[in-house]
Structures are given as structure tokens and as C-alpha cells.
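The values are calculated or read from the model by the stated rules, or taken from the named source; none is laboratory data. On a predicted model such as this, the values are computed, not experimentally measured, just so you know. Note that we place each Cβ from the backbone using ideal geometry, even for glycine, and neighbour counts take in every protein chain shown. Surface areas here come from the heavy atoms of the whole protein model, side chains and all, with no ligands, DNA or RNA. Shrake-Rupley method; radii C 1.70, N 1.55, O 1.52, S 1.80 Å.
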Amino acid sequence: MFTTTELSWQETALCAQAGPEFFFPAPGSSTREAKQLCGACEGRVACLEYALTNDERFGVWGGLSEQERLRLRRGSR
Ligand code: SF4
């Protein structure tokens, strides 16, 4: 269970206004536009921490793709 504070970044999430296909593109599709939106999002750091903590495997979170988050996790071990 998450507290309100832990999920407060979702209230300012810019992706809430974009379609899910934007952040969960088909395999091989570009994630560039989603990452640009993340770059302007106030909750980017909290979003990325959430994705890493909860082992979110799919889509763009906090400006990083699945592969980039995987590399980050491997690099932090
Ligand atoms: S950082 Fe990106 S994925 Fe995370 S809430 Fe903001 S826009 Fe959405």
C-alpha cells in the first residue's frame, strides 16, 4: 500500500494527458516524444524512483525506457 505522499507525483503527471500508446509504444517504436514530455514533468524523479522500486518492466517511466531502466538497475548492483 502506498501513502498519498508517495504517489503525489501522479497529480502533476504530464502523461495523464497523453494516450497510453505514447508511453507504452509497440516494440521497436520510438520513445523520443514520451521522453521529451518526461523532461518537462515535475514528477520525473519520483516517477523514476517508483518504477525502479516497483520493478515496472514496460513503457517509459521518469524519462527512461525499459532498457535504460534495466541498465540503471544492473549498474547499481
Ligand atoms: S516523468 Fe514521464 S512517465 Fe513519469 S509521470 Fe511524468 S510524464 Fe509521466
Log entry, pairs with first residue in segment 8-29 being polar (S, T, N, Q), second being open to solvent by 90 Å² or more (accessible area, probe 1.4 Å), beta carbons closer than 9 Å, six or more apart or on different chains, reads THR12/GLU42; SER29/GLU21
Checked segment 36-53 for anything in a helix (DSSP H, G or I) and either open to solvent by 60 Å² or more (accessible area, probe 1.4 Å) or in contact with a Pro (Cβ under 8 Å, 6 or more places away or on another chain) (or both); matches are GLN36, GLY39, ARG44, VAL45, GLU49, THR53
Within segment 24-35, of all residues that are within 11 Å of the ligand (Cβ to nearest atom) and part of a loop (DSSP other than H, G, I, E, B), the one farthest from ARG71 (Cα to Cα) is PHE24
Of GLU68, GLU21, GLU11, GLU56, the only residue that is part of a helix (DSSP H, G or I), open to solvent by 40 Å² or more (accessible area, probe 1.4 Å) and within 12 Å of the ligand (Cβ to nearest atom) is GLU11
Flagged in segment 41-53 as within 10 Å of the ligand (Cβ to nearest atom) and of a type outside the set (Val, Ile, Thr), in numbering order, are CYS41, GLU42, GLY43, ARG44, ALA46, CYS47, LEU48, TYR50, ALA51
